[in-house]
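To start, the structure under review is shown below, and the notes come after it.
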Amino acid sequence: MDAMETRLLDIGPIVLRALATLVVVDSLLLAPSWIANGTMGPHVVALEAVFVTGLFLALPRRPWSMAAAWIVAGLLVAIGVLWLGEATARLSLARSLNLYLDLRLLGAVGNLLGGTLGPFLGPAVVVLAISGVVAAVVALALLLASLRTEGREGRRRIAGIALLTSALALVPMRWLHPAGAVFGLTSVDLVLAQSRQLDRMLDERTRFADELDETRSSYRDTPGLLRGLGGRDVLLAFIESYGVTALDDERYAPVVRPRLEEMAHRLEEAGLHMATGKLLAPSQGGQSWLGHGSVLSGLWLENQLRYDLLLASDRETLVDDFDAAGYRTVAVMPAITMAWPEGERFGYDRIYARDDISYAGPPLNWVTMPDQFTWSFFQKSVRDSTEAAPLFAELGLISSHAPWTPILPVLDDWERIDDGAIFQAWAHAGETPEALWRDRDRVREHYARAVAYAVDVLASYSVRYVDPRTLLIAMGDHQPAPLITGDSVSRAVPVHVISGDRTLVEPFLEWGFAEGSLPPSSSPSRRMDAFRDWFVHAFSDGDGRIKETGDGT
């Protein structure tokens, strides 16, 4: 064996380790974006992977270089985790990661996992994820350290290999990507993106303060505040993940639209009047409280910072408007399982969170109780109380929240619901979330069925309990995640208005709503923050009608 063959055999393992390192680091930095985009792109080669591989091939085997391997491995894995967070935000919330805001949502993510996967599997997934991150750091550090070499001659050889590796990485690889090798400095992109997000969030405080000064906070001096309601009860119900996708997408419309048409028919037979429109929600896929807060405050709460700034301000809300008009105000929130200081800030006379609701039935994965029980509890324990004052109530309906299993039937006899023990029959019904979510098509099928259930319950409650003394406003809180809707869809949600008194529905028709259970396809969608100002003026004395601006607010 001659000297050349000996050298080739000598450097062969190092070349393999170098290539392995290049592939591992490149995948760590780029795979999350490939997952989010559903294709290998827009970048195929992260230039940081080439640089890091070449750097460690040229480092000598010294204690400080081992420390460098641990530091660089930790940084690379951290960047990979952040890119995974970016992909998750895009897939679940249809927006980019915002570290300034989203770190505070980690607790909510943990609660969602616990509610969806159960009290044991949920925490196990969190522990497994943390263990995976630690294992990735250890494995990558050892891989980087294995590239170091002994002696000056060895470093020369390795420097040559590094140069060769870099050159090979820069060769157009059209068999890998239709446009050839597309390069990117992913770490730089990430830092720049988060810097822009931080800069925007720092300016958000000033912008929000200006909006507070420019928009009206209190309506207490409005002539005949809400007198147009005639003391009727007003029920504002938010239906989880109910967006226009459920009505317009060909995958869901065949399930949901017939239920809406049947609801319109049932309400008409019961002598009820109905109109439907659309509003634009500030979020998609989650953060329902941004939509709730936008409707109540009359401010556009498109991110968590704006919501927090609202809570820290002294701005009055729709709850205060009803309170000033002599209403008792109630919130029924079965999804609230911990302390909820936000509810106290909004000023409700009474808040019914999960622990305040006497429910003897089973939790249904994340869903703490089915919508039909929530409506039943509200009617019996809140609305039928002996208090004489008219009622304003906000309800959070959560049966159409992921994971959309099991799907319950609507019980015809509401008297049998009682304390909810009857729902024990469905404690173990349907598939587990883990089994269902292995198949995206079946997840979408269950989404449509869950929304149909929410619509059927709304229809059943309305036929039984809505009368001329009731104005029921039911709207979606936001569109579901991009997994359900696809990319770049409208954030519009349906809004249904139901009453036994047509005069309570007519103002909505004048606002652009259509009679029946389907919204007009041609009318522009206003934002949720437009609702409060319009509603107060529409149902108070005086000329009162607001002028619409170009952005629908």
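Here are the numbers for the structure shown:
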{"quantity": "Distance in nm between pseudo-label sites at residue 71 and residue 358 (7 Å out along the Cβ direction from Cα)", "calculated": "6.4 nm"}
{"quantity": "Accessible surface of residue 434 - all protein chains present, 1.4 Å probe, nearest 10 Å²", "calculated": "70 Å²"}
{"quantity": "Approximate spin-label separation residue 269-residue 421, in nm, with each point projected 7 Å along Cα-to-Cβ", "calculated": "3.3 nm"}
{"quantity": "Positive dipole terminus of the stretch 246-348, leading residue within 334, 312, 290 (C-beta point charges)", "calculated": "334"}
{"quantity": "Environment charge at residue 46 (Cβ cut-off 11 Å; Lys +1, Arg +1, Asp -1, Glu -1)", "calculated": "-3"}
{"quantity": "Whole-number percent relative contact order across the stretch 335-490, with pairs defined as alpha carbons under 8 Å at least 6 apart", "calculated": "25 percent"}
{"quantity": "Share of carbon and sulfur in the accessible heavy-atom surface of the stretch 206-355 [1.4 Å probe, %]", "calculated": "46 percent"}
{"quantity": "Table column - 3J(HN,Hα) (Hz), the stretch 276-288, Karplus curve with 6.51, -1.76, 1.60, x for Gly and Pro", "calculated": "9, x, 9, 9, 8, 8, x, 9, 9, x, x, 6, 4"}
{"quantity": "Amide H partners (placed H, <5 Å) of residue 420, local residues excluded", "calculated": "360"}
{"quantity": "Area of residue 462 that stays accessible when all protein chains are in place (1.4 Å probe, Å², to 10)", "calculated": "0 Å²"}
{"quantity": "Simple label model, 7 Å out from Cα along Cβ direction - residue 541 to residue 198, nm", "calculated": "5.6 nm"}
{"quantity": "Heavy-atom accessible area order for 527, 205, 227, 354, largest first, 1.4 Å probe", "calculated": "227, 205, 354, 527"}
{"quantity": "Rounded accessible area of residue 130 (nearest 10 Å², 1.4 Å probe)", "calculated": "100 Å²"}
{"quantity": "Average accessible area per residue (Å²) across the stretch 410-528 - probe 1.4 Å, nucleic acids and ligands excluded", "calculated": "41 Å²"}
{"quantity": "Order of exposure, largest accessible area first, which applies to 338, 274 with probe 1.4 Å", "calculated": "338, 274"}
{"quantity": "Residue order for 77, 191 - accessible surface, 1.4 angstrom probe, largest first", "calculated": "191, 77"}
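The values are calculated or read from the model by the stated rules, or taken from the named source; none is laboratory data. What you see is a predicted model, and the numbers here were worked out from it, not measured in a lab. All Cβ positions, glycine included, derive from the backbone under ideal geometry; neighbour counts span all protein chains shown. When the accessible area is computed, the model is the full protein with side chains, heavy atoms only, and any ligands, DNA or RNA have been set aside. Shrake-Rupley method; radii C 1.70, N 1.55, O 1.52, S 1.80 Å.
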